[in-house]
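Coordinate-derived values only; no laboratory data. Just so you know, these numbers come straight off a predicted model, no measurement behind them. No Cβ is skipped: glycine too gets one built from the backbone with ideal geometry, and neighbour counts run over all protein chains shown.
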Amino acid sequence: MKFMRSLLASSAVALTLVGGVQAGEIKVGFITSMSGPVSSIGIPYAKGMQAATAYKAEVAGHKVRLIQLDDASDPSTAARNARKLVEEEKVDLLIGSAGVPSAMAVAAVARESKTPMVGISPLNITGDDGAWIVTTAQPVPLMVSAVVDSMKKAGVKTVAYIGFSDSWGDLVYDGLTKSADAAGIKVVTNERYARADSSVAGQVLKMVAARPDAVITGGSGTPGALPYLALAERGFKGPIYGTHALINPDFVRVAGPSAQGLLAPTGPIIVADQLPANYPTRKISMDFRSVYQRVHNAPTTDGFSAYAFDAWLVMLDAASRVTSKAEPGSAAYRAALKDAIFATKELAGTHGVFNFKPGSIYGMDERSRVIVKLDKGVWTLQQP
Amino acid sequence: MNWDIALILGIDGLASGAVYLLAGLGLVLVFSVTRVVFVPFGDIAAFSALTLAAFEMGRTPPTIGLVLVLTVLAVLTEVGSLVRQREWARVPRALLLWGGAPLLPCLLAWGVGGTSMSPALQIVVSVLLVVPVAPLLARVVLQPIANASALVLLMVSLALHFLLSGLGLMFFGPEGSRTQSLTNASFTLGAGFNVSGQVALMVACALVLSGLFFLMFERTLMGKALRATAVNRVGARLVGIRPARTALLAYGASSLLAGFIGVLIAPVTTMYYDSGFIIGLKAFVAAIIGGLVSYPMTAVGALAVGIVESFASFWSGALKDVIVFSLLIPVLLLRSYLTYHSEEDEEELDQ
């Protein structure tokens with residue numbers, strides 16, 4: 001009996017001790033698409049995040065705990081999950097989600113609940129709406145302008161466009177028309193298709209009929225391979241361009257020889273081993289590759305896992321600079337964390353060097369993009 | 001739009017129409033015999049395509065596991081119902097039929113998976129492997145509620161679709177696959193206008209298979225039993241046709257069709273674990289044009305859907321699916337003017 005009582009007493013002490021540690025825990029809510037059409041990029045994001053938590057999960061004396069939820073590629077589920085994380089789990093930071101429409105839904109919740117958010121996809125948020133939000137993805141115009149520069153150098157005068165019939169397709173098209181106008185290149189078509197479509201023969205016919213010098217697409221992952229396959233079938237011989245959203249090994253597998261010679265902009269992580277030794281992102285990129293290899297027992301081959309890893313780096317860096325005495329889980333801590341995020345300076349990530357300032361959700365410059373060429377199934381760095 | 005473009009679009013539409021034709025036949029067959037709108041049809045087609053892709057990548061397809069689990073469940077259901085009816089003598093035969101038959105393609109796939117086998121054998125095994133899926137699913141889930149209302153059956157079949165597509169994601173992952181083209185031949189018609197051998201093969205397969213279906217329904221006892229059940233379930237029972245048996249045949253035949261669709265379209269479109277659903281949905285539009293009973297009208301509808309889809313993608317890529325599914329509205333309006341509502345009476349008779 002006496003023994004039992006002492007056991008109870010000691011476990012009560014242990015419980016309070018554990019409780020004490022937990023109070024200082026930073027909670028990070030992570031939403032990604034583990035199922036549905038966006039899962040082909042959502043699952044790599046989740047894998048990158050697993051590597052990130054294995055890389056470092058403690059900062060300034062606080063343990064960092066990750067809570068991951070699936071949004072099934074559905075923006076309304078993403079919003080519901082974000083609300084759940086904020087209200088029930090009282091997370092200090094939101095990360096997510098894979099698809100742009102879902103991420104916009106998460107951003108709305110972050111803004112409303114005054115929770116800092118680190119996005120992992122190229123969001124389209126400006127002004128006060130983005131006061132609590134940053135993203136680790138490159139702004140689409142920055143990436144597309146790199147492609148347009150490359151087109152200009154190759155002497156392209158007209159370009160045909162085909163993209164997804166969603167906000168990703170719109171983002172690329174807007175970026176393209178802006179920088180193409182400046183470079184004197186004419187965009188001759190604006191064709192769209194859905195991610196789940198099985199054929200784009202009609203759209204591609206229309207593009208080929210416009211006789212463009214080159215073609216650029218605004219798709220992502222394996223659904224993004226469809227236009228290249230259809231173009232090859234129609235015998236289109238001009239140069240083909242793409243965006244960074246295409247870069248994953250499954251795209252290469254599905255597109256096969258039809259995407260030979262494809263030029264695309266990307267974060268330097270994709271060709272980390274081909275970068276010069278003094279490139280600012282090289283060291284952390286190699287660290288990321290080794291920790292990813294250790295966690296998943298497979299090499300990283302896509303850019304998406306690295307965006308999630310960068311989001312984690314931004315969070316760790318900001319949390320290490322929070323000077324406020326407020327404890328994680330409180331509104332004061334969230335505000336302090338947001339201020340710290342917007343004071344990020346020269347933080348080297350895998351996709352580029354981050355400098356966040358209030359007023360813009362993007363924090364990347366020209367160091368975050370390189371042009372790569374798909375040559376016999378391997379992405380090779382092109383000299384700028 | 002000039003003649004070249006119209007021709008190319010027409011051929012593209014015929015190719016997808018051929019696929020919708022096969023899928024529509026499967027849907028009409030299952031619906032007329034069992035009153036189930038078989039939503040998981042498309043998923044089975046996707047399974048056969050992805051199974052073939054797994055074989056080509058030198059992997060043992062996870063479909064084997066699915067068939068094995070379904071077999072165990074079906075055997076348990078069958079033996080359970082026999083035991084409840086105290087029909088002990090029929091147990092060994094049930095074990096052999098429900099437990100033995102589905103295992104054959106599994107053993108075949110297990111034996112040849114991972115080895116380098118000829119593409120033709122890979123295709124045959126992929127089709128055979130998905131053939132037991134629909135009959136087994138039906139035995140476990142749909143047959144025990146065969147007399148429920150059509151609405152309940154529809155809901156259950158929709159739930160089965162979500163189950164199968166979830167399993168597809170688990171088995172094959174989120175990324176799509178393409179398989180090697182069955183033929184590299186291409187035919188030149190006129191000036192610089194090519195038809196790829198694959199498209200010709202799809203159309204030919206659709207024609208041959210629908211021809212075989214026609215012969216089966218007209219010339220064989222089995223086909224006549226299926227037709228009899230479709231026309232009048234009670235009457236068919238009175239003359240000694242067992243509804244459970246005809247339902248099994250219908251599911252088996254539709255599974256076979258789904259298997260063919262999978263291997264036919266996998267070389268020309270990227271197949272995902274959930275690609276089957278949209279194929280099934282468009283075939284459903286075709287089947288509705290046929291009133292879910294008429295095979296010839298379904299065939300016409302399928303070709304119309306394929307061609308409308310192809311031209312719509314040229315005129316407005318973003319609105320393609322809107323245009324295809326909008327076809328339903330005039331068709332339903334027309335049908336409701338032209339037909340008498342006798343379905344309610346039929347359902348009364350069933351209960």
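Structure values in brief
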{"read-out": "Coil-residue chymotrypsin sites (Phe, Trp or Tyr not before Pro) of region B:127-227, DSSP, other Cβ within 10 Å capped at 14", "value": "B:Phe193"}
{"read-out": "Extension gain (nm, one decimal) between A:Gln383 and A:Lys283, 0.36 nm per residue minus Cα-Cα", "value": "34.0 nm"}
{"read-out": "Sorted by Cβ neighbour density within 10 Å, fewest at the top, the residues A:Met286, A:Met104", "value": "A:Met286, A:Met104"}
{"read-out": "Percent antiparallel among DSSP beta bridges (both partners in region A:58-200, rounded to 5)", "value": "15 percent"}
{"read-out": "Rounded to whole Hz, the Karplus (6.51, -1.76, 1.60) HN-Hα couplings of region A:229-236, x for glycine and proline", "value": "5, 5, 5, 4, 5, 7, x, 6"}
{"read-out": "Long-range HN-HN contacts of A:Gln68 with modeled amide H, under 5 Å", "value": "A:Phe30"}
{"read-out": "Chain A: angle of helix A:75-87 to the longest principal axis, Cα-based, in degrees nearest 10", "value": "20 degrees"}
{"read-out": "Long pairs among A:Lys56/A:Lys376; A:Lys152/B:Lys320; A:Lys325/A:Lys345; A:Lys153/A:Lys186; A:Lys47/B:Lys282, criterion Cα-Cα beyond 25 Å", "value": "A:Lys56/A:Lys376; A:Lys152/B:Lys320; A:Lys47/B:Lys282"}
{"read-out": "R0 of 56 Å, Cβ-Cβ distance B:Thr60-A:Arg211: FRET efficiency to nearest 0.05", "value": "0.70"}
{"read-out": "Rg ratio (alpha-carbon, reference 2.2 N^0.38 Å) - chain A", "value": "1.06"}
{"read-out": "Diffusion coefficient, µm² s⁻¹, Stokes-Einstein with Kirkwood Rh over alpha-carbon pairs of region A:140-266 at 20 °C and 1.002 mPa s", "value": "153 µm²/s"}
{"read-out": "Derived scalar couplings ³J(HN,Hα) [region A:353-368; Karplus, 6.51 cos²θ - 1.76 cosθ + 1.60; whole Hz; x for Gly, Pro]", "value": "10, 9, 9, 8, 10, x, x, 9, 8, 9, x, 10, 10, 4, 6, 9"}
{"read-out": "With Cα atoms, 0 to 90° folded angle of helix A:167-183 axis to chain A main axis", "value": "50 degrees"}
{"read-out": "Farthest toward positive dipole pole in the protein assembly as shown [+1 Lys/Arg, -1 Asp/Glu at C-beta], among B:Leu226, A:Phe164, B:Pro62", "value": "B:Pro62"}
{"read-out": "Helix axis angle, A:304-320 relative to chain A longest principal axis, alpha carbon, degrees", "value": "40 degrees"}
{"read-out": "Rounded to 5, the percent of DSSP beta bridges in the protein assembly as shown classed as antiparallel", "value": "35 percent"}
{"read-out": "Check: region A:140-266 dipole with +1 on Lys, Arg Cβ and -1 on Asp, Glu Cβ, in debye", "value": "380 debye"}
{"read-out": "Long-range amide H partners of A:Thr189 with built H, under 5 Å", "value": "A:Tyr161"}
{"read-out": "For B:Leu182, distant residues with modelled amide H under 5 Å away", "value": "none"}
{"read-out": "Point-charge dipole on Cβ atoms (K/R +1, D/E -1) for the protein assembly as shown, about Cα centre, debye to 20", "value": "1220 debye"}
{"read-out": "Antiparallel content of DSSP bridges confined to region A:140-266, in %, to 5", "value": "0 percent"}
{"read-out": "Computed E for A:Glu88/A:Glu58 - FRET, C-beta separation, R0 25 angstrom, nearest 0.05", "value": "0.55"}
{"read-out": "Computed E for A:Lys157/A:Thr301 - FRET, C-beta separation, R0 45 angstrom, nearest 0.05", "value": "0.80"}
{"read-out": "Calculated from backbone phi, Karplus (6.51, -1.76, 1.60) coupling profile of region A:188-194 in Hz, x at Gly/Pro", "value": "8, 9, 9, 8, 10, 8, 8"}
{"read-out": "12 Å beta-carbon shell around B:Tyr272, net charge (K/R +1, D/E -1)", "value": "-3"}
